[in-house]
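See structure below.
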Amino acid sequence: MSPRADIIVTNARVLTVDSGQPRAEAIAIVDNEIMAVGSAGDIDGLKSHTTRVIDAGGASVLPGFNDAHVHLFCGAAELDNLQLGTVNGLDELTAAARAYAAERPDEPLLVAQGAGYGILPDNQRITRQHLDAILPDRAFLMFAADHHTAWANTKALADAGILNGKAVGVGNEIVMGADGKAAGELREGEAYNPVLALGAAGMRFRLGLETGGEPDPAPTAAERAFDLDLMRKGLAHCAAHGITSVQNMDGNLYQLELLDAIDREEGLSLRVRVPFHFRNFMETDVLDKAEEMHRRFRSERLRSGFVKMFMDGVVDSWTAVMLDDYPGKPGWRGDPLFEPARFAEIATEADRRGLQIAVHAIGDGAVRGVLDGYEAARKANGPRDSRHRIEHIEVIHPDDLGRFRDLGVAASMQPIHAPGTGFSLQPTASIIGEAKWPYAYAWQTVREAGAPMIFATDWPVSPIDPMSNLKAALTRKRWAESDPDQRQSLSDALASYTRDGAWIEFMENRKGMLRPGMLADVVVLSDDIETTDPEAIDQVRPAVTIADGRVVYEA
């Protein structure tokens, strides 16, 4: 007797992202795999009295979204922070911060997220005095949306012991005022971590980002339980947005062990890949740990096998590395976190060990430096199917476009990051400078040059919602009439969010398409995404998320 389906999704406009059978009306699932894809009539014949039937009501059904660049533990920890994404001006900021503080009278540190660099009018830079006027007696730390800059009030700076400044490493800065004291602006982790450590949650959730190391001392049973609960909240938040896979961009063994504990107890509600984070103070022998993580965690739900690095910072704090001087800052192009020879050495060794590499590179100088390192690794070790990747690529030099194709390097990009789309246009566009606009956030230009392209949000830098990210990809406005049109087609954008996201993980034969034998990772949407106006596509919501053959979210 032929098997019967556990779940059938029918009355659907199925977009399989499989060129062999791009469309269907229904799918059948048995255990954790796609059993069949076809017409409603054919699939109905696979039903038994125990089959769960999901009527899609004529809406789109897609492979589950794969967010190829997130910070899962950090995002989970920030879900309860004050969110400032829609807040503008000092009055709105004051009202939001005071209301948040009133609800949390016992918090040792109040933390806000998502502030625009232009949250104050007339491009004023935020100072501790601005924040003192809002909350003079409570430690308050406010992050920019990109998480590379934070601003603290005087009490927070004093409590953290950095009001009079502190030595920090390359690429980090405690901005000092004319009075010889910290002005309030803190650039990169070494500058703001002393303040963040004042909080009740400590720094465990940021270790994978800041040090790549493990908690020391080891967490108590209560702290571990707290962290497991945080991670579960993060997983649920992803599932509620139709996401069935995430590729983490910070990592340590502790995160993998937390996720493994959840998987053993109840099964993960999405597939997670966690890297080893290589920091610029490390020696290459620490790649032994990356290999250990790869050996221990390589199931279809929880995997490692790659190395994450940072080459530069971000545009808005002038820490992205550029090939030319920043407008208005003669002689300043940003400092790379790895010198060229050092990066090439690390990339060559990681590549020799068979590890994939992913590097944060935002400025055109950083992008070139990473490509040079990948080229050096290829020359030393010989070509292989490495699928190395570059994260963000917010500015690229035209001479480097073809190198992605030639070196087999993937572009990991975040449409919602484009100023004027997800973030405010200013001051970012002015800091980049008009001469570089044609090659800023140049998704279509990079795609047409032959680079494999994968999409992501960088949550919690941006909200994890794939529909907002798709809207950004489909509706991007030019900054100048002479700029190339960087808008994406719906089919390309969906492929970058599903099939190609699986490819970059070396999982293209198991997920990313709706095809018999593939893993049953499926999202049922609330509407037909193909007939929805691109400007309204963010109103389409996940109705049901199925991961590994289980319904993990229902609206």
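Any idea which of (1) assigned to a loop (DSSP other than H, G, I, E, B); (2) of a type in the set (Asp, Glu); (3) without any contact (Cβ under 8 Å) to a residue 40 or more places away in the chain is the one residue 288 doesn't satisfy?
(1)
Considering only region 230-250, state which residues are part of a strand (DSSP E or B) and among the hydrophobic types (A, V, I, L, M, F, W, C).
Passing the criteria: 243, 246.
Counting just the residues of region 519-551 that are farther than 29 Å from residue 421 by Cβ and surrounded by fewer than 23 Cβ atoms within 10 Å (Cβ to Cβ), which one comes out nearest to the chain's Cα centre (by Cα)?
For region 519-551, the residue satisfying everything is 548.
Is one or more of the residues making up region 182-204 part of a helix (DSSP H, G or I) and either in the same structural domain as residue 414 (by TED's automatic domain parsing) or under 30 Å from residue 553 (Cα atoms) (or both)?
yes
Are there any pairs, at least 6 apart or on different chains, whose C-beta atoms fall under 7 Å, with the first in region 122-145 and surrounded by fewer than 18 Cβ atoms within 10 Å (Cβ to Cβ) and the second of a type outside the set (S, T, N, Q) and part of a helix (DSSP H, G or I), and if so, which?
Correct list of pairs: 137/155.
Being modelled with pLDDT of 95 or more and surrounded by fewer than 24 Cβ atoms within 10 Å (Cβ to Cβ) narrows it down to one of 274, 286, so name that one.
Going through 274, 286 in turn, just one is modelled with pLDDT of 95 or more and surrounded by fewer than 24 Cβ atoms within 10 Å (Cβ to Cβ): 286.
Anything in region 203-235 that is small (Gly, Ala, Ser) and either more than 23 Å from the chain's Cα centre (by Cα) or surrounded by 17 or more Cβ atoms within 10 Å (Cβ to Cβ) (or both)? List them, or say none.
208, 212, 218, 221, 222, 225, 234
I need the full set of residues from region 537-555 which are more than 15 Å from residue 63 (Cα to Cα) and out of contact with any helix residue (DSSP H, G or I) (no Cβ under 8 Å at 6 or more places or on another chain), in order please.
Within region 537-555, 554, 555 meet the criteria.
Working only within region 391-427, note down all residues that are among the aliphatic types (A, V, I, L, M) and over 25 Å from residue 461 (Cα atoms).
Of everything in region 391-427, those that are among the aliphatic types (A, V, I, L, M) and over 25 Å from residue 461 (Cα atoms) turn out to be 401, 407.
Go through region 442-555 and tell me which strands (runs of 3 or more DSSP E), entirely inside it, have 2 or more residues that are touching a residue at least 40 places away in the same chain (Cβ under 8 Å) and under 14 Å from residue 413 (Cα atoms).
So the answer is 453-455.
Scan region 289-309 and tell me whether some residue there is within 30 Å of residue 430 (Cα to Cα) and within 21 Å of the chain's Cα centre (by Cα).
yes
Looking only at region 34-79, filter to residues that are acidic (Asp, Glu) and under 17 Å from the mean Cα position of the chain (by Cα); which one of those is surrounded by the most Cβ atoms within 10 Å (Cβ to Cβ)?
Top of the filtered list is 67.
Pairs please, first residue from region 194-208 and among the small types (Gly, Ala, Ser), second anywhere and at pLDDT below 90 and assigned to a loop (DSSP other than H, G, I, E, B), Cβ atoms under 6 Å, 6+ apart in sequence or on different chains.
Listed pairs, sorted by first residue: 197/203.
Okay, residues lined up against (1) of a type in the set (S, T, N, Q); (2) within 30 Å of residue 508 (Cα to Cα):
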| position | (1), (2) |
| --- | --- |
| 173 | no, no |
| 206 | no, no |
| 211 | yes, no |
| 227 | no, no |
| 266 | no, yes |
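Applying the selection to region 108-121, what residues are buried (at least 16 other Cβ atoms within 10 Å of the Cβ) and of a type outside the set (Ser, Thr, Tyr)?
109, 110, 111, 112, 113, 114, 115, 116, 118, 119, 120
Pick from 99, 28: which is assigned by TED's automatic domain parsing to the domain that holds residue 126 and either over 26 Å from residue 468 (Cα atoms) or touching a residue at least 12 places away in the same chain (Cβ under 8 Å) (or both)?
Being assigned by TED's automatic domain parsing to the domain that holds residue 126 and either over 26 Å from residue 468 (Cα atoms) or touching a residue at least 12 places away in the same chain (Cβ under 8 Å) (or both) holds for just one of 99, 28, which is 99.
Any chance region 80-93 includes a residue that's in contact with a Gly (Cβ under 6 Å, 6 or more places away or on another chain) and surrounded by fewer than 16 Cβ atoms within 10 Å (Cβ to Cβ)?
Yes: one or more hits.
The values are calculated or read from the model by the stated rules, or taken from the named source; none is laboratory data. Given the structure is predicted, the values throughout are model-derived calculations rather than measurements. In this analysis, Cβ positions are derived from the backbone assuming ideal geometry, glycine residues included, and neighbour counts consider all displayed protein chains.
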